1. Run through the range 251-312 and list the GluC sites (Glu not before Pro) located in a DSSP loop whose Cβ has at most 12 other Cβ atoms within 10 Å.
2. What size of dipole, in debye to the nearest 20, comes out for the range 4-311 about its Cα centre when the only charges are +1 on Lys and Arg C-beta atoms and -1 on Asp and Glu C-beta atoms?
3. Enumerate the lysines that K35 could reach by cross-link, defined here as Cα to Cα under 22 Å, with residues fewer than 8 away along the same chain left out.
4. For D144 and K35 in the same chain, what is the full-extension length gain: residue separation times 0.36 nm, less their Cα-Cα distance, in nm?
5. Could you work out the relative contact order of the range 12-97, using alpha carbon pairs under 8 angstrom and six or more residues apart, expressed as a whole percent?
6. Between E106 and D222, what length comes free when the chain is fully extended (0.36 nm per residue of separation minus the Cα-Cα distance, one decimal in nm)?
7. Top mean-square fluctuation among S255, S83, S126, Gaussian network model of the chain, C-alpha springs under 10 Å?
8. Among DSSP bridges having both ends in the chain, what percentage is antiparallel? Round to the nearest 5.
Amino acid sequence: MTLHVLVLGSAAGGGFPQWNGNDETSRRARVGDPKLPLRTQSSLALSADGRRWVLLNASPDLREQINARSQLHPQAEDAKRSSPIAAVVLTNADVDHVAGLLSLRENQPFALYAHRRVLDVLAENSIFNVLNPACVTRRGLPLDDPQGLCDASGAPLDLRVVAFTVPGKAPLWREDEAAPSWGTRIGDTIGLEIRSGDSADRLFYIPGCAAMTNELARRLDDTALVFFDGTLWRDDEMIALGVGAKTGLRMGHMSCSGPEGSMAAFETLDVRRKLFIHINNTNPLLIADSSERGEAEARGWEIAYDGMEIAL
């Protein structure tokens with residue numbers, strides 16, 4: 001069975017260009033420089049049958065992303081309202097991963113999957129009550145326990161997912177400066193391993209990761225396809241550019257470059273196809289002819305882009 005993959009968005013929070021970005025790359029992107037295509041905030045859509053789709057994260061740009069992808073348009077000719085989106089799976093409660101849920105509030109049935117920690121965060125915030133519980137079924141994702149994804153009615157979607165913890169932190173809007181690790185707990189950030197039907201090929205989606213642990217490396221070894229955190233090229237990137245005061249690690253992201261970066265961490269792993277996603281507006285990987293892009297591609301990496309389609 002084929003696993004159909006759509007890259008709905010490839011940028012980190014704020015998209016590219018960010019709404020208030022006034023640097024040279026942002027200005028070039030706004031005037032249509034082909035070397036700097038526009039990017040919405042990161043999300044994937046997956047399907048085992050090409051008809052029913054599962055979203056991995058729901059970005060604030062979701063309405064735009066749905067309109068841009070015909071596969072996600074309503075298909076039922078005899079219904080005034082319909083959607084092929086059968087489920088949404090969340091990797092954390094960051095704004096750029098949950099705000100799009102508010103665009104799915106028009107009494108359309110779908111299943112919402114997340115770690116119980118994230119579901120509890122959503123339950124505490126009454127704005128998410130616009131997702132009518134009569135239509136939107138919330139289901140917890142236990143760690144390291146294979147789950148068959150189903151739609152709101154319980155019909156199988158022929159996709160199996162394993163959620164697993166990765167190094168990260170609590171979402172910015174939930175940080176507690178007085179608590180150790182800013183109040184971060186197990187379940188605040190997860191990665192996803194997904195298979196279609198009984199296929200042996202695995203897809204991993206890890207848009208946020210602060211470090212490559214031995215356990216994570218073992219999990220990723222010998223796999224077909226990995227979408228991995230590409231937020232920053234270097235740890236002090238935002239500080240050096242004068243647009244932020246935090247390092248990548250402080251924000252819960254390992255850098256792409258350097259001896260402790262993700263490219264180095266993947267060197268000894270057998271991954272047939274690896275793509276950076278969740279790319280921040282400051283990252284030179286966004287520039288098609290940058291030396292950094294050239295280095296990443298020479299080391300076997302691809303840069304995910306909005307509208308990219310992959311069949312696994």
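We did not get these values from a lab; they are worked out from the coordinates using the rules stated. Keep in mind the model is a prediction, meaning the values are calculated, not measured. Glycine also receives a Cβ, built like all others from the backbone with ideal geometry; neighbour counts cover every protein chain displayed.
1. E267
2. 600
3. K274
4. Extra length from D144 to K35 when fully extended: 35.2 nm.
5. So the answer I get is 27 percent.
6. Result: 37.6 nm gained on full extension.
7. Result for the chain, Cα springs under 10 Å: S126 fluctuates most.
8. Antiparallel bridges: around 45 percent, rounded to the nearest 5.
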